[in-house]
Every structure is written in structure tokens, then in C-alpha cells.
1. When residues of segment A:21-44 are filtered for being open to solvent by 50 Å² or more (accessible area, probe 1.4 Å) and modelled with pLDDT under 75, how many remain?
2. Determine whether segment B:77-90 contains at least one residue that is open to solvent by 70 Å² or more (accessible area, probe 1.4 Å), modelled with pLDDT of 95 or more and either under 28 Å from B:Val225 (Cβ atoms) or out of contact with any helix residue (DSSP H, G or I) (no Cβ under 7 Å at 6 or more places or on another chain) (or both).
3. State whether the residues of segment B:57-75 include one that is at pLDDT below 90 and β-branched (Val, Ile, Thr).
4. Would you mention how many residues in segment B:255-285 are under 30 Å from B:Val195 (Cα atoms) and within 14 Å of another protein chain (Cβ to nearest Cβ)?
5. I'm trying to understand the selection: among the residues of segment B:138-151, which are modelled with pLDDT of 95 or more and touching a helix residue (DSSP H, G or I) at 6+ places or on another chain (Cβ under 8 Å)?
6. Taking the condition surrounded by 13 or more Cβ atoms within 10 Å (Cβ to Cβ) and within 15 Å of B:Phe58 (Cα to Cα), does B:Val252 pass?
7. Within segment B:183-208, track down each residue that is open to solvent by 40 Å² or more (accessible area, probe 1.4 Å) and part of a loop (DSSP other than H, G, I, E, B).
Amino acid sequence: MAKFVTFIENNPDLMHLVPEVKECTPLYSINSTSFAAKVEYDFKDSMHSSIAILNKVDGKIPSNLKILNDLVFSSGIDFYPHHSPTWAFKLTSDPKQGNVDAIQDTVDEIIL
Amino acid sequence: MRITRQLYKAHSFSNMVTTVSEVDDYADVQTVGAYLNDGIRVNNQNEIVKTPWMSEFFSNGYNTREAIFGEEKLSQFKEFINTKAKDFYLKENQVGAIAKIGYQMNNFERAIVHNNITGEQGWYNIPDNATMADLAFETGDHSITTKRYWDIPSQSKIEALQAAGIIDQDYTIHGVFPKVKFALPSIRKYYPGDVGAEICCTFAYNRSTTKDYNAYKDWHSIAWVKRPDEELTINRRGNGRNYIMPLTDINVRTLEGRAVPLSAGRPAALESERLILRKEDSGYIIHLHEINT
């Protein structure tokens with residue numbers, strides 16, 4: 001399941017959504033140590049497909065889904081939902097942005 | 001190295017601002033590529049897709065981005081680096097893109113991207129036969145790296161960019177958010193030179209009735225070039241909504257004389273007729289406004 005975690009220690013109100021990897025499909029080899037994979041994330045309210053670089057295991061592209069999932073989370077990929085067009089448009093479909101559940105935080109609006 | 005993060009979610013923006021200090025370079029961060037499908041393909045290119053208004057900005061210094069093709073995409077890589085820039089980024093017929101107006105590469109990128117032919121920032125006076133490999137910052141065996149400069153350029157560079165039609169006489173640059181992005185993973189690195197901020201910015205107007213890429217047809221984006229030691233007046237544009245977002249910490253003064261400090265990446269609605277920026281500050285200020293209203 002996708003889940004919220006505290007994003008940084010000194011700001012417990014700022015929550016970051018860690019997506020669930022629904023599917024990871026190897027696409028092509030990049031070099032002797034890495035390969036590209038299609039990774040499908042579940043952002044709780046929407047799915048998002050993207051292409052990520054993962055490390056090969058013993059010089060080979062793994063096929064086991066659990067190993068692939070572990071590779072995704074150990075790769076240091078930037079998982080922010082900001083990278084999902086689906087998530088961006090979710091903002092437009094929600095008349096009250098505070099209800100968007102991808103990130104729960106807001107600031108006072110400044111009007112000049 | 002010290003890192004602090006702040007999320008500004010207001011006025012239809014969602015901006016994650018990462019401030020770093022005591023550091024020369026910050027992180028090799030992998031950014032995932034968009035998964036390609038025909039619905040978002042632009043100009044029939046295999047590696048380019050359209051994008052909503054979501055982009056990373058920086059307050060100062062420079063950043064690099066290495067787009068990784070990989071050994072199994074060697075033929076696509078060679079085709080890409082040998083493509084003439086005028087047939088690609090400087091192409092006006094944007095099949096599949098939003099609005100289909102102007103170059104595929106917007107003016108803000110043309111102003112800040114490194115040009116390897118001149119060794120400086122700015123894509124202007126490009127020779128007709130210049131290829132992507134000629135212009136890119138670095139070209140590897142199967143990757144291509146671009147570099148972007150985020151400090152306000154020198155007066156002579158500003159004048160050169162004005163002569164090229166990239167910066168207007170009123171110090172505005174029309175077209176800020178990228179229209180397209182790579183469908184390839186990339187490695188990003190930031191060189192703030194001590195203190196800087198990365199601003200991951202997303203804008204999607206929450207009262208729009210259009211819920212897809214076409215929502216941006218109703219919006220225009222500009223960047224104001226705030227030079228040091230010069231005051232700058234920012235005017236409201238059009239009759240619709242106006243929002244501004246500075247890329248550096250600045251102070252603004254409203255018509256009523258109110259002084260308001262704005263942090264890098266913090267959006268604000270502009271409802272006064274104009275704002276005045278004091279001499280002491282400098283940096284780019286992003287200004288979005290509704291059109292067709």
C-alpha cells in the first residue's frame with residue numbers, strides 16, 4: 001500500500017507519500033551495470049508510469065518482481081508525486097486543494 | 001552540508017523548496033522519465049513528450065542534467081545528437097504539443113541553457129547546421145548533458161539576449177515552463193556555490209473546468225529579470241488571475257506602500273495594479289496570468 005511518512009524530522013506536519021510499486025518491467029540495458037525499467041507507481045489516488053534506472057544484479061537484469069521492487073526502493077529515485085502529470089491534474093479537479101491527499105500541507109496564501 | 005525543506009501549497013501551486021547551504025555541489029539525483037505513449041508524443045519524436053507545468057527551478061548557481069539513452073538505444077541516441085537544433089528545439093510546428101505556438105524550446109530555456117558553440121549561456125544566432133551535439137554541454141557514449149545558469153546574467157549578456165528577441169525591452173522573458181520533456185531517465189546535479197535553493201514547482205489552476213494538458217491554453221508564463229541595483233516594476237497583466245513566484249528571497253512593495261518579504265518559491269496572488277521591487281534584490285520572478293478572459 002502507498003503510505004504517508006514524515007518527510008523531515010523537524011517538520012512532522014509535512015507528510016510525504018511513498019508510493020507502492022505495482023509493476024516493474026525491465027525495458028532495455030543501459031550499460032554493464034544498469035538497465036532501464038518501466039515502473040508503475042500507485043499514488044493512492046492515481047497510477048503513474050515512468051522510466052527509471054536500476055542496477056543489474058550480478059551483471060544481469062533480474063526478472064523476479066520482489067527483487068525488482070527492492071531495486072526500485074534502494075535506487076534513491078526521486079519519488080515525489082510532483083513528477084506525475086496525473087497528480088498535477090488531480091489538483092485541478094479538486095476545488096479545495098487542501099483535500100488533495102498526495103501531500104497534506106498548505107501555507108497561508110499571500111495576496112499582494 | 002545543511003538541508004531544509006519547505007512545501008508551499010497555495011494559489012494552485014505546489015512548490016517543494018529544498019534549501020542547501022555550506023555545499024559546492026548537491027546530489028546526483030535520478031529523475032524518472034515519462035513513460036511514452038502516443039497520446040503525449042510531440043513532433044513524432046520517440047523521446048519527447050508533452051508535460052504539464054511542472055518544472056525545477058534554482059535560485060542561483062548552475063545545474064546539469066544528463067539524459068541517459070543507454071547502449072540499447074544507441075541508434076536513437078546517434079539520431080538525436082545529430083539532429084539539427086533548428087529542426088528540433090527551434091522547431092515551430094509542434095505536432096501533439098499544447099497550443100502549438102512558438103518554438104518547441106521556450107524563451108526562458110533559450111536564455112539560461114549553455115551553448116557549447118559560444119561557451120556561454122543563451123541559444124541565439126544558432127548556425128543552421130548546428131546539431132544537438134554541437135550545442136549540448138557534454139555528450140557521452142550514450143548520454144547527453146545540458147547545463148543551465150541561474151544567476152542573473154551580466155548587462156552585456158542581457159543586451160545580447162534582448163537583441164536576439166529572447167528578453168524583451170521591459171526585462172521580461174515570455175514562456176517559462178517547458179513545453180516538452182524527455183521520456184528518458186536523467187541524472188540531475190546542482191552547484192549552488194555555497195547557498196542555494198531548488199524549487200520543484202507544479203502549477204495546475206484548481207478552478208479550471210479543463211482537466212488535462214489543454215488547461216494551460218488559458219495561461220501565459222513570463223519571467224521578470226530583476227537586475228541588481230535597479231528597481232523593477234511588475235505590472236498586473238490582463239483581467240484574470242495573476243500570480244508571482246520569486247526564485248530568490250526578495251522584498252516587494254505594493255501600491256499601498258506595504259512591504260512584503262517573499263521567500264524563494266513562495267507563490268503570491270497579484271491583485272494590485274503593480275508591485276515595486278527594491279534595488280537591493282536580484283533574481284528571476286516567475287509571473288503567471290490568465291489569458292482569454
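1. Qualifying residue count, segment A:21-44: 1.
2. For segment B:77-90, residues open to solvent by 70 Å² or more (accessible area, probe 1.4 Å), modelled with pLDDT of 95 or more and either under 28 Å from B:Val225 (Cβ atoms) or out of contact with any helix residue (DSSP H, G or I) (no Cβ under 7 Å at 6 or more places or on another chain) (or both): absent.
3. No, there is no match, as no residue in segment B:57-75 is at pLDDT below 90 and β-branched (Val, Ile, Thr).
4. Here is the first cut: in segment B:255-285, the ones under 30 Å from B:Val195 (Cα atoms) are B:258-270, B:275-285.
The next check asks that each one be within 14 Å of another protein chain (Cβ to nearest Cβ); those that pass are B:258-270, B:275-277, B:285.
Matching residues across segment B:255-285 total 17.
5. Those that are modelled with pLDDT of 95 or more and touching a helix residue (DSSP H, G or I) at 6+ places or on another chain (Cβ under 8 Å): B:Arg148, B:Tyr149, B:Trp150.
6. Details: surrounded by 13 or more Cβ atoms within 10 Å (Cβ to Cβ): yes; within 15 Å of B:Phe58 (Cα to Cα): no.
So B:Val252 fails the test.
7. Matches in segment B:183-208: B:Gly193, B:Arg207.
Yes/no per residue for (1) away from every other protein chain (no Cβ under 12 Å); (2) in contact with a Phe, Trp or Tyr (Cβ under 6 Å, 6 or more places away or on another chain); (3) modelled with pLDDT of 90 or more:
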residue	(1), (2), (3)
B:Thr209	no, no, no
B:Lys217	yes, no, no
B:His220	yes, no, yes
B:Ala223	yes, yes, yes
B:Lys226	yes, no, yes
B:Thr233	yes, no, yes
B:Tyr243	no, no, yes
B:Thr293	yes, no, no
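The values are calculated or read from the model by the stated rules, or taken from the named source; none is laboratory data. The structure presented is a predicted model; accordingly, all values stated were derived computationally and were not measured. Heads up, the Cβs are rebuilt from the backbone with ideal geometry, glycines too, and the neighbour counts pull from every protein chain shown. Please note that ligands, DNA and RNA were not included when accessible areas were found on the heavy atoms of the full protein model with its side chains. Shrake-Rupley method; radii C 1.70, N 1.55, O 1.52, S 1.80 Å.
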